[in-house]
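Peer 1: Structure provided below as structure tokens; questions to follow.
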Amino acid sequence: MTADASDPFLVAFRGSFTSALRWHQLDVLWERLRERADVGWYLYAVGEPPPVRAANGEQVGNFMAEMDRLLRAEHREAHCGIVYADDLHCPGFVKIYDPHDLGVSCGYSNAPPLPGWVMSLLPPCDLPATRIVPKNRQRWWRRLFG
């Protein structure tokens, strides 16, 4: 079942986002998120069923630590640029793009790729499954939260 366009999660998902362009900006974003790790974050691996419960603070901390390791190991660029937040100083919605499925994640596209992962204070709806999630990502996610 697809959510309608007025779903609060979809409205936020389609809103304005700012990139943590440099690695030090990502470090600051992680710190802001750690400060609010226990406020009810939904951790959503796009392509998996959306979570029905918010993660606890420990799960959020583990997710961010693992995600930081994954991004730094697999996105070997001088800049980050694949993590976007609705507000870098007080985030409520974060999109994290998979380093191996970037397409046109910034700029304009009629069919931009979906992020690999979403952190949201809003309960997520099932985003359209328009891409095949690599099996190694599914195993990674299931190891983390299985």
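Peer 1: Test Ser120 against the stated conditions and say whether it is under 21 Å from Phe17 (Cα atoms), of a type in the set (Ser, Thr, Tyr) and at pLDDT below 90.
Peer 2: It is false that Ser120 is under 21 Å from Phe17 (Cα atoms), of a type in the set (Ser, Thr, Tyr) and at pLDDT below 90.
Peer 1: To continue, here is another question. What number of residues within the range 81-98 are at pLDDT below 90 and within 12 Å of the chain's Cα centre (by Cα)? Steps first, please.
Peer 2: Let us first name the residues in the range 81-98 that are at pLDDT below 90, namely 81-82, 98.
In the following step, the residues that additionally are within 12 Å of the chain's Cα centre (by Cα) were identified as 82, 98.
So the answer is 2.
Peer 1: Let me ask you something else. What are the residues in the range 11-45 that are in contact (Cβ under 8 Å) with a residue 40 or more places away in the chain, within 29 Å of Gly146 (Cα to Cα) and under 14 Å from the mean Cα position of the chain (by Cα), if any?
Peer 2: Within the range 11-45, Ala12, Phe13, Ala20, Leu26, Leu29, Leu33, Trp41, Tyr42, Leu43, Tyr44, Ala45 meet the criteria.
Peer 1: Right, something else. Which of the residues belonging to the range 1-54 are within 19 Å of Leu88 (Cβ to Cβ), open to solvent by 80 Å² or more (accessible area, probe 1.4 Å) and of a type in the set (Gly, Ala, Ser)?
Peer 2: The one that is within 19 Å of Leu88 (Cβ to Cβ), open to solvent by 80 Å² or more (accessible area, probe 1.4 Å) and of a type in the set (Gly, Ala, Ser): Ser16.
Peer 1: Sort out for me the strands (runs of 3 or more DSSP E) sitting completely within the range 16-99 that have 2 or more residues that are touching a Pro at 6+ places or on another chain (Cβ under 7 Å).
Peer 2: On the way: elements: 42-45, 83-85, 93-96.
Result: 42-45, 93-96.
The values are calculated or read from the model by the stated rules, or taken from the named source; none is laboratory data. The structure displayed is predicted, hence computed values, not measured ones. Reconstructed Cβ throughout: ideal geometry from the backbone, glycine too, with neighbour counts over all protein chains shown. Side chains are part of the model used for accessible areas, which takes the heavy atoms of the whole protein and leaves out ligands, DNA and RNA. Shrake-Rupley method; radii C 1.70, N 1.55, O 1.52, S 1.80 Å.
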